[in-house]
Ligand code: BGC
């Protein structure tokens, strides 16, 4: 079938977790612009989520706001239920919700460790499991997509770059990477595609301190060969591609969208 290249997700139904701000909000907007109906998941920021929904509707798109803490199994299941009630099926999950609770290892509490693992890793598992269950229970719709379903796991450059002072976060993202690949290996036979995106430093609230002042930004740029801090749209464009049939033969891959952060810029001179 022919797909309008400007709307590669036309007719698809996409759930984006953690979509009330930052990268998730950017992905939700870009998916709507690409023709998808979007579930805008949030946990605390209802107003921000509603605003994004209104924005999408204002441009003729379809969206609903869905509250759920992705770390809670029953809440996740209820969210998928509401999503499918509203849109009839699900074609795309972007497991994006993520948090940081930073501390030097000697000071890190068990609660800080656990909450980050619960949201960033268990949360992605719970959502991905529910998505796979739904994908398997619905027919392949070649007029909508060549795949039965797509999952995008939002990872981080810290799935490979160790990060002092953030052992909980780096461990969660390392976990996301192998969860994503194992899942991809398991479900490809059902025509379900699972991939990851590893953003570098993207200007959002999670890392505000790292780019807010010119001095902080200058320091951050030392880690970014391309010479600019990323924007949510940089990630959103990659997510649209990974969710669309344009990437139909891509599976189990992490797409690094990081301005070269994983190129070890310190080795430009030295080594
Ligand atoms: C973190 C940001 C950080 C970036 C690059 C992301 O995964 O959430 O705080 O700026 O990685 O280090």
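Relative contact order for region 1-137: 24 percent, from Cα pairs under 8 Å spaced at least 6 residues apart, divided by residue count. The long axis of helix 22-33 is offset from the longest Cα principal axis of the chain by roughly 30 degrees. Normalised by the number of residues in region 13-267, the mean separation of alpha-carbon contacts (under 8 Å, six or more apart) gives a relative contact order of 19 percent. Where does helix 232-243 land angle-wise versus the long Cα axis of the chain, in degrees 0 to 90, nearest 10? Result, in degrees: 40. What's the FRET efficiency of residue 138 with residue 48 using the Cβ-Cβ distance as r and R₀ = 41 Å, to the nearest 0.05? Efficiency for this residue pair is about 0.85.
Considering Cα pairs under 8 angstrom that are at least six residues apart, work out the relative contact order of region 144-210 and quote it in whole percent. Walk me through the numbers before you get to the answer.
Details: 77 pairs, mean separation 29.2, N = 67.
This gives 44 percent for region 144-210.
Distance from a point 7 Å along Cα→Cβ of residue 62 to each backbone N in region 1-39: keep the residues under 12 Å and list them by number. What the label zone holds, given the 12 Å backbone N cut-off, is 10-14, 35-39. Annotation: the antiparallel percentage among DSSP beta bridges lying fully within the chain is about 0.
Laboratory data are not the source of any read-out in this text; all were calculated from the coordinates shown. Quantities reported herein were computed from a predicted structural model and do not represent experimental measurements. Every residue, glycine among them, receives a Cβ derived from its backbone with ideal geometry; neighbour counts consider all protein chains shown.
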